[in-house]
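Visitor: Here it is, the structure in full.
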Amino acid sequence: MRKTRMGDVSMTMMTAADPSPSPDIAAASAARTIALQMLEERGRGAVLVGVARVDAALEHLLQAVMTPSSAKSDGLFLPERPLGSIGAKVALASRLGLIDGPVERALNVLRKLRNAFAHSADSASLGDPAHSSRLGEVYPDARANPLWTPLETVLAAQPPSAHGPLEPDLRDYILLITILVAFLEATAQQLTPIQPAVVMRFSGVSRATSS
């Protein structure tokens, strides 16, 4: 293995003799792109787009452990269906052991934040005490991720956009979204559908491998 850099994000790349990237490397590869894309959003848009990306990543995580749907489209995740809400996805991912306690807490904070912004005036801000207090409870866990600091450096190196300089509250929010999306997707790529030991049939209970 050798050390290299992608932009300003330090990461380990695999040599030709070891071509399969680890989940952490896969996450690092995606993280910089996600962070820079999130820079295009401000205010309510940043919150709604960010949580929508997390919601999609959670759906991919759950689909990774499910038997593929026999239908062309998986209606299970459509709005008003059992897993149509981000809250239901978070709860199921937790009960299946796919995410740990701190990640579940962060996802639920984002769910509440999204709901608050979706029903608030255009002037709503991540710097509002109610929002910054909730986010402040989960940032310490997110900062323990090895990509937080290098991604923070990437964002700091970007020239000011038409929206003006990047405010600390938005920067930290972008980093949280980036890490969650990148690692949820990287985890999903490592999973396979759950294979139960037995299956209920009309003929009775039988081993799942039975024809």
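The values are calculated or read from the model by the stated rules, or taken from the named source; none is laboratory data. Because the structure is predicted, anything quoted here is derived from the model rather than measured. Cβ: placed from backbone, ideal geometry, glycine included. Neighbour counts: every protein chain shown. Remember, those area values only see protein heavy atoms, side chains included, never the ligands or the DNA or RNA. Shrake-Rupley method; radii C 1.70, N 1.55, O 1.52, S 1.80 Å.
Visitor: Residue by residue through the range 80-115, note down the ones that are in a helix (DSSP H, G or I), surrounded by fewer than 17 Cβ atoms within 10 Å (Cβ to Cβ) and of a type in the set (S, T, N, Q).
Guide: ASN115 - this is the single residue of the range 80-115 that is in a helix (DSSP H, G or I), surrounded by fewer than 17 Cβ atoms within 10 Å (Cβ to Cβ) and of a type in the set (S, T, N, Q).
Visitor: For the structure I just gave you, tell me whether LEU62 is within 23 Å of PRO193 (Cβ to Cβ) and part of a helix (DSSP H, G or I).
Guide: Against the criterion (within 23 Å of PRO193 (Cβ to Cβ) and part of a helix (DSSP H, G or I)), LEU62 qualifies.
Visitor: Restricting the search to the range 61-79, which residues are farther than 22 Å from ASN115 by Cα and open to solvent by 60 Å² or more (accessible area, probe 1.4 Å)?
Guide: GLN63, THR67, PRO68, SER70, LYS72, SER73
Visitor: Specify which of the listed residues (LEU36, LEU83, LEU78) is aliphatic (A, V, I, L, M), modelled with pLDDT of 90 or more and within 21 Å of the chain's Cα centre (by Cα).
Guide: Exactly one of LEU36, LEU83, LEU78 is aliphatic (A, V, I, L, M), modelled with pLDDT of 90 or more and within 21 Å of the chain's Cα centre (by Cα), namely LEU83.
Visitor: Of everything in the range 116-161 that's β-branched (Val, Ile, Thr) and open to solvent by less than 60 Å² (accessible area, probe 1.4 Å), which residue is nearest to VAL90 (Cα to Cα)?
Guide: VAL138
Visitor: ALA30: modelled with pLDDT of 85 or more, in contact with a Leu (Cβ under 8 Å, 6 or more places away or on another chain) and either part of a helix (DSSP H, G or I) or exposed (fewer than 15 other Cβ atoms within 10 Å of the Cβ) (or both), yes or no?
Guide: In short, no.
Visitor: Could you check the range 163-191 and list, in sequence order, the residues that are open to solvent by 100 Å² or more (accessible area, probe 1.4 Å) and in contact (Cβ under 8 Å) with a residue 24 or more places away in the chain?
Guide: HIS163, GLU167, GLN189, GLN190
Visitor: Another question about this same structure. Take the conditions in contact (Cβ under 8 Å) with a residue 12 or more places away in the chain and more than 16 Å from THR178 (Cβ to Cβ) and apply them to PRO68. Does it pass?
Guide: Taking the combined requirement at face value, the residue satisfies it.
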